[in-house]
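Asker: Next up is a structure, given as C-alpha cells.
The values are calculated or read from the model by the stated rules, or taken from the named source; none is laboratory data. Everything numeric in this text was worked out from a predicted model, so none of it was measured. Cβ atoms come from the backbone with ideal geometry, glycine included; neighbour counts cover every protein chain shown. When the accessible area is computed, the model is the full protein with side chains, heavy atoms only, and any ligands, DNA or RNA have been set aside. Shrake-Rupley method; radii C 1.70, N 1.55, O 1.52, S 1.80 Å.
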Amino acid sequence: MAVVELKAPLDGVILPLEQVPDPVFAQKMVGDGVSIDPMSALLIAPCAGTVTQVHRAGHAVTLTTDEGIEVMMHIGLDTVSLKGQGFTPKVAQGERVEAGAALIAFDADFLATHAKSLLTQVVITNGERVAQLEAAIGRVRAGQDVCLTLHLAETTAESGVVEGQRVVSDAILIPNPTGLHARPAAVLANLAKRFKSRILVQRGEDQGNAKSVVALMGLEIEHGDKVQLIAEGPDAGEAIAALAPELAAGLGDEGTHPAPAPATTEIGEDAAPAPRPRSGDPNLLLGVAASPGLAVGTIFQLRRTEIEVPEHAESPNRERRRLDDAFDTAKVQLESLQSELQAQSDPGKAAIFAAHQELLEDPDLIEIAESAIAKGKSAAFAWQQAYRTHAERLAALRNPLLAGRANDLEDVGRRVLAIITGQPIEEPEIPQGSILIAEDLTPSDTAKLDRTRVLGFCTVGGGATSHVAIIARALDIPAVAGIEPRALDLPSDSPVILDGSLGQLRLNPDPAEIARITELKARMAVKRKADLAAAHEPAITTDGRRIEVVANIGGEADARRSVELGGEGVGLLRSEFLYLDRTGAPSEDEQYRIYTDIADALEGRPMIIRTLDVGGDKPLAYLPLPREENPFLGIRGIRIGLVRPEILRTQVRAILRAAQGHRLRVMFPMIATLDEIRSVKGLLEEERAKTGIDDPLEIGIMVEVPAAAVMAAQFAREVDFFSIGTNDLTQYTLAMDRGHPKLAPMADAMNPAVLRLIAQTVEGAHAEGRWVGVCGGIASDPQAVPILVGIGVDELSVSVPSIPAVKAAVRARSLADCQAIARQALAQDSAAAVRALVPVEI
C-alpha cells in the first residue's frame, strides 16, 4: 500500500476538523483532513505536485500530487466574501511546484478583523483514493513536520461507462452571492455522490464532475451564471429531480435569493416569513408604525411605470460610455437631492443620499454590468440585470435592516436606468389631501413628497428601520409600512384615517369620526405651539420635583436641534452612526473629533455616549459575525466588545480623550451579568493607563434585559448610573419582537411587568445612591411620563421632537399625583388598563 506524507503548509496548532465552526468542514463534506490555527502568514506546498485550482478570491488552492491525490487548502472561514482582499496568490493554475514552494501569502492582521476565523483547512477532496488517513496533533512547523499521512487505496480499472438514460435539467441561474465556492460546491458534491449516475455541471462549453469539489470550483461558476445539470445512468432522472432544485435554491449558502423552483421543498418554521396580520375588521388594515402622526385624507394609488429596455446592442464601447455618463449624471442629481433634504430637515438624513452615491461606485454592480455589455447586451439591460440581482439578494436577507436596503439599490438603479434610456421617471400629479398607497416607495420618492398635498402614506413593503421610514420621520410625515396587500386594491379617492403611531389605516370612516380626528389635530397643533413656547423652562412638577429631560441623538445635527428645543443634555448618543455605511471602523482620531464636536454643540450640557451596539441582528460589513439562529440572544451589544475588543478599545480611548474639558459619561449596552461589567471596566482602566488620562469618567449601563433590573442593587455597586432601554426590556420581558407587525401592538412598555422591572431598578439604584434614567421609547410617551416620575425615575431621555411635550407633561402634575398613579399602574393587569389611568389630554 502506497503512503503519501503531507508536510504542514503553515506554522500553527492542529485541530480536528470536527472542531471547525463551519458544518461543511466539520461534517467533512469537502473531505477529510485537519485544520490549522496559523502562526505564520505564508501558505506553502505540503508536497510536490501540480496546482489544479486557485480560487479567484485567492483564499484557497488545490494541489494534485503525483499519485493523483487532491489536496485543498482553504485559508480562514467565510473568506471568499473578502473577494481577494488580504490574499496574494504566488502560483497559477497548471503550475508544477515542489514541496515548500510558496502558494498564497495573506495578511493575518487584516483577516483577523475581517474574517469569521483564521482556521485553515487542509482536506483531501477525493477521499475515495485514500484507505486510511492519519492526522498529527499539537503544534507543527511549516515544511518540516508531517500533518497528514495518507495510505492510498488499491486502484481498480473501471470502464467509465454508465448504463442508463441521459437526463438534462432546465437552465439554472446560480443565486449564490459568491458563486460555487468551497461550501456550496461541497454540498452539491455530497448530494451527487448519493446517486450511481455520472453527473456533470455544464456552463457554456465547460463541464465539471458534480461529485468533485475541485472540479466544481475549477469551473469558477459565479453569481448569476447559467448552468445545467447532466446525468447519465440508472438513476439519472431521480438525480436531476433532487439536485436541480437544491442548486437553484443556493445549496444552503447564506444570502442567496433563489428563483422559484418547480420541485417541492419542505418548509420549516424559519423558511417562510410570518403571514401578514389581519385585524378581523374589514375596515381596519394593520401594518408597522413607521412614522408617527394622524392624517385624514383620501387614497391615491401610486403606481410605478416599468422602464422598457432593449436587450442587445452593437457596440460594447459605446454602451460602456453610456453607462459611465449615466453614472456621472446620477451623482449630480443625488448631490442636489442631498443638499435639498439637508436644507429641509436633519442633515443626518441627507447622508442617505451620500450612501446612494457610494452605490454608484460599487465594484460588484459595475463588474456585472460591464460583463453583460461585453457579451453584447445594451447598457440599459446590463445595468438593470445588475442592480435587480443585487436588490433581490438583499431583499431575501433575514435581517430587516439589511433587507430594507434593497429599496435603496432599486432607487439608485431606476435613476440610472432612466438616464440611460432617456425615459424620465414620471412624477404623477398628486391631489391635495392625499394618503398615498404604494407597493413600496424609494428614499427619493419620499424626500420629494409635496407636504402641501401628501398627508401620509402606506407601503406594502418596507419596515420601521428602512431609509424611507427614517426620512418620513425627519419630514414629519405619518407613515405605515408593511400594510396588508389588499391596500393596493382600494379605490382612489376613498376617505381614510391614517394612524402612523399605531400602524393602522381606517377605511370608510363616518363623518363624525373624521370631524373628531380633524378637531383633535387642531387641538394638538395648539398644544404643540404652547409646549414649544415653554420649552426652555425646567421640567419641575407643581410641588417642586425636578426631572432632567435630555435627548436621544444620532449626531451633531440632532444635538444642535435638541438645544433649540430646550433639551438639557444628551441621555443617549447612539454611536452606531459612526460605524454604519462604511467599509472600515472609524479611527480613534475620527471618533475623538466627532465626540468633541457634538459636546461643543451642547454648550456645556452633559452627554452620555453609548458604546457600539451591534450584533447578529444588525451587523457591520467589516465586522463579520457567524450567523446565529436567534441573534437577539447571541453576540450583540457589549458581548461584541468583549469578543472583538480591538474596536471597543479604540472607542474607549476616543471617549476618554473627548471627556477632557467636557461633561461626558460612557454607557455600555446589553449588560446582563456582573462579570460583563467588571470585564469592560477592566478594559477601560487598561486604556486609561495607556493614555495617561486621569480625568474622572462616570460609567453606566443600559438596563435592557430583566437580569439587570432584578440585580440592580448589585450592579449599583459597580456603576454610577443606569439608563433603562425600554424597547429591548419590553421585548425580552414579554418575548415579543417589537418589529413584528402582529405582535408589535402588544409589545407595550406600559405593561405592568415592564413597569415593575423599572420600579425594581429604581429601588435598587437609589438604595446605593445611584440615579436612573429612561432612554427607551416610553420616555417620549406623554401618557407614561407621570408614571415614570411617580416610580422615581430621575431623567427622561427622549426623541428630539418630543422634548417640549415631555417637559410640559412633567410640569402638569405634582409628584404626589404621579406617585399615586404609579402605585395604581403597578397593580394593573394589562397595558391597556395602565393607559386608561392617564387619559390623553389635548
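Asker: Find all pairs meeting these conditions: Cβ atoms under 9 angstrom apart; at least six residues apart or on different chains; first residue within the range 638-664 and modelled with pLDDT of 90 or more; second residue part of a helix (DSSP H, G or I) and of a type in the set (K, R).
Answerer: R649/K690; V652/R688; R653/R688; R653/K690; A654/R593; L656/R688; A658/R593
Asker: Quick check on the range 488-503. Is at least one of its residues open to solvent by 70 Å² or more (accessible area, probe 1.4 Å) and either in contact with an Asp or Glu (Cβ under 6 Å, 6 or more places away or on another chain) or part of a helix (DSSP H, G or I) (or both)?
Answerer: Yes, the range 488-503 contains a residue that is open to solvent by 70 Å² or more (accessible area, probe 1.4 Å) and either in contact with an Asp or Glu (Cβ under 6 Å, 6 or more places away or on another chain) or part of a helix (DSSP H, G or I) (or both).
Asker: Just for strands (runs of 3 or more DSSP E) wholly inside the range 265-334: which have at least 1 residues that are surrounded by 20 or more Cβ atoms within 10 Å (Cβ to Cβ) and at pLDDT 85 or above? So that I can check it myself, show each step before the final result.
Answerer: Details: elements: 284-286, 288-291, 294-301.
Correct list: 284-286, 294-301.
Asker: What about L602, is it in contact with a Cys (Cβ under 7 Å, 6 or more places away or on another chain) and modelled with pLDDT of 85 or more? Spell out how you get there, then give the answer.
Answerer: Details: in contact with a Cys (Cβ under 7 Å, 6 or more places away or on another chain): no; modelled with pLDDT of 85 or more: yes.
Taking the combined requirement at face value, the residue does not satisfy it.
Asker: Please count how many residues of the range 63-85 are assigned to a strand (DSSP E or B) and among the small types (G, A, S).
Answerer: As a first pass, look at the range 63-85 and keep what is assigned to a strand (DSSP E or B): 63-64, 70-77.
Filter once more, so that each one left must be among the small types (G, A, S): 76.
Selection size over the range 63-85: 1.
Asker: Considering only the range 104-113, I want to know if a residue exists there that is on the phi < 0 side of the Ramachandran plot, in contact (Cβ under 8 Å) with a residue 60 or more places away in the chain and surrounded by 21 or more Cβ atoms within 10 Å (Cβ to Cβ).
Answerer: yes
Quick grid of which residues meet (1) assigned to a helix (DSSP H, G or I); (2) open to solvent by 20 Å² or more (accessible area, probe 1.4 Å):
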position: Q660; (1), (2): no, yes
position: K681; (1), (2): yes, yes
position: I699; (1), (2): no, no
position: R717; (1), (2): no, yes
position: A749; (1), (2): no, no
position: L755; (1), (2): yes, no
position: E763; (1), (2): yes, yes
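Asker: Is it the case that some residue within the range 20-33 is open to solvent by 20 Å² or more (accessible area, probe 1.4 Å), modelled with pLDDT under 80 and under 19 Å from G68 (Cβ atoms)?
Answerer: no
Asker: Could you tell me how many of the residues in the range 34-48 are under 21 Å from T64 (Cα atoms) and open to solvent by less than 50 Å² (accessible area, probe 1.4 Å)?
Answerer: 9
Asker: Pick from L837, L826, L815, L796: which is of a type in the set (A, V, I, L, M, F, W, C) and crowded, with 22+ Cβ neighbours inside 10 Å?
Answerer: On inspection, the qualifying residue turns out to be L796.
Asker: Look through the range 597-613, keep the residues that are of a type in the set (D, E) and outside any helix (DSSP H, G or I), and return whichever of them is surrounded by the most Cβ atoms within 10 Å (Cβ to Cβ).
Answerer: D613
Asker: Where the second residue is open to solvent by 50 Å² or more (accessible area, probe 1.4 Å) and among the aromatic types (F, W, Y) and the first is touching a residue at least 60 places away in the same chain (Cβ under 8 Å) and lies in the range 538-557, which pairs have Cβ atoms under 7 Å and are six or more apart or on separate chains?
Answerer: Listed pairs, sorted by first residue: G554/F577; G555/F577.
Asker: OK, next. Are there any pairs, at least 6 apart or on different chains, whose C-beta atoms fall under 9 Å, with the first in the range 492-513 and over 26 Å from P428 (Cα atoms) and the second part of a loop (DSSP other than H, G, I, E, B) and among the polar types (S, T, N, Q), and if so, which?
Answerer: Note: pairs meeting the criteria are P509/N283.
Asker: Here is a follow-up. Could you run through the range 122-138 and say how many residues are open to solvent by 40 Å² or more (accessible area, probe 1.4 Å) and closer than 18 Å to A45 by Cα?
Answerer: 1
Asker: Follow-up question, since we're still on this one. In the range 543-596, how many residues are over 24 Å from R653 (Cβ atoms), open to solvent by less than 10 Å² (accessible area, probe 1.4 Å) and either modelled with pLDDT under 90 or hydroxyl-bearing (S, T, Y) (or both)?
Answerer: 1
Asker: Do we have any residue at all in the range 617-627 that's part of a loop (DSSP other than H, G, I, E, B), modelled with pLDDT under 80 and touching a Phe, Trp or Tyr at 6+ places or on another chain (Cβ under 8 Å)?
Answerer: There is at least one residue in the range 617-627 that is part of a loop (DSSP other than H, G, I, E, B), modelled with pLDDT under 80 and touching a Phe, Trp or Tyr at 6+ places or on another chain (Cβ under 8 Å).
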